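The values are calculated or read from the model by the stated rules, or taken from the named source; none is laboratory data. Since the model is a prediction, treat every value here as computed from it, not as a measurement. Side chains included, ligands, DNA and RNA excluded: accessible areas come from the protein's heavy atoms. Shrake-Rupley method; radii C 1.70, N 1.55, O 1.52, S 1.80 Å.
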Amino acid sequence: MHRFLQYSVAILLHLTLGITVRATLPLETALEHAGDNRAELERALEAMPGRDMEHLVTRARQFDLVNLTSDLLISNLTLARRAFTESDLVRGRYGYEMWRDYVLPYRVMEEDLSDWRPFLREQIQPVIADAHSVQEAAMRIFRWMHEPLEDGQRRIRFVATENRNQNPFQLLSTRNGGCKEMHISYVSALRSVGIPARLCTVGWWTTGDWYHYFVQYYDPDIGDWRGIDASNTAGKDPADWNKDAGGWSVTKAYAYPPYPSVKDVDFMQRWDLCTDITEYVCDTGELIVQFDQRGPFDVGLYTWNIGAWRLIGRARSEDGIPVSITVGTTLANHPVLVSAIGGNSSGYAMTVVEADKTLPVRITAGTADITFEGVKK
């Protein structure tokens, strides 16, 4: 059993700590990777020179580099700028980086490429025309998604689908979608009118081997993100939904990156590429890992779920400095595995999480302590 555990941990370390991420490509390198599609990208860069178009090209995945058209890129950038400058709700109320990361992207995840902005902008602008706040506008868009049409059925119905990656055109045509694709379209609708938005998920739960998706949009009135589950007719904040429903048993919640460099980042469990938003969804505690040697160490945190160890957190300890990994307090009384690897030293430990419990982790040249600390509101 001990040898099996060592082997399992070694595989986990290889898969999760040994993966490298493609860095943002220099512009010339991105153009080289575009191959026969280089001319399309160059036309877009010539039509709209500057940092914004370069930002889109240098952060495009390989699939996009060989498939993007100049018309799509030009339309996307033109309307993303207009969405900010022509809106009384958002103009001048958040910074450039917020716009660049959460309004400008031409896609949300791995949905099919499409020029969705002109269509959604035309649809959504009348819906929010006299809205007095971003929050009111977001709720109006939510109600627009769920309003009944001539046949008495809602514009979009929650139905589990096979791939769950329809783009807005496809979803509004089929009118059937799972929570992921419904929220991809909701993010797109918000962005079409200049409201920064990002796709989020409740990751591995302690009670089930599945995900649920939701959205956060930036509200300048509070200077922070608001959450909304747009896949049900309640339209609640996921934190309220979690409490009212008796708890999701949330261990982690994440917001996906604005420009994913890895396709299917969720199914690859690349939580290190995402933004941890657990504290927005549930009460949290901290797993503190302390080392008695300098390191550095790459630390992985896993929870046991439906027959496998699921990665739910990563951190790096520089020179033996303690690391803190945020988790939902519902992880208490569930098993966790913590791994550490660095140089010629590696180690792992398993325990059941308990408040204020310290656990020694065996490292080649010494030990490390793991402590689960209280509740952080």
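Computed quantities for the displayed model
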read-out: Over the range 26-174: Rg over Rh, Cα atoms, Kirkwood Rh; value: 1.01
read-out: Rounded percent of accessible protein surface that carbon and sulfur make up, the range 196-243, 1.4 Å probe; value: 46 percent
read-out: Heavy-atom accessible surface of the range 289-329: percent carbon and sulfur, 1.4 Å; value: 48 percent
read-out: Three semi-axes of the equivalent ellipsoid, the range 271-339, Cα gyration tensor, whole Å, largest first; value: 21, 14, 12
read-out: Cα gyration tensor category, rounded, prolate or oblate, for the range 134-274 with a/c compared to 1.5; value: rounded
read-out: Partners for Lys243 among aspartates and glutamates (Cα-Cα distance below 14 Å; same-chain residues under 8 apart left out); value: Asp229, Glu279, Asp283
read-out: Euclidean distance between Cα centres, the range 83-161 to the range 296-354, Å; value: 38 Å
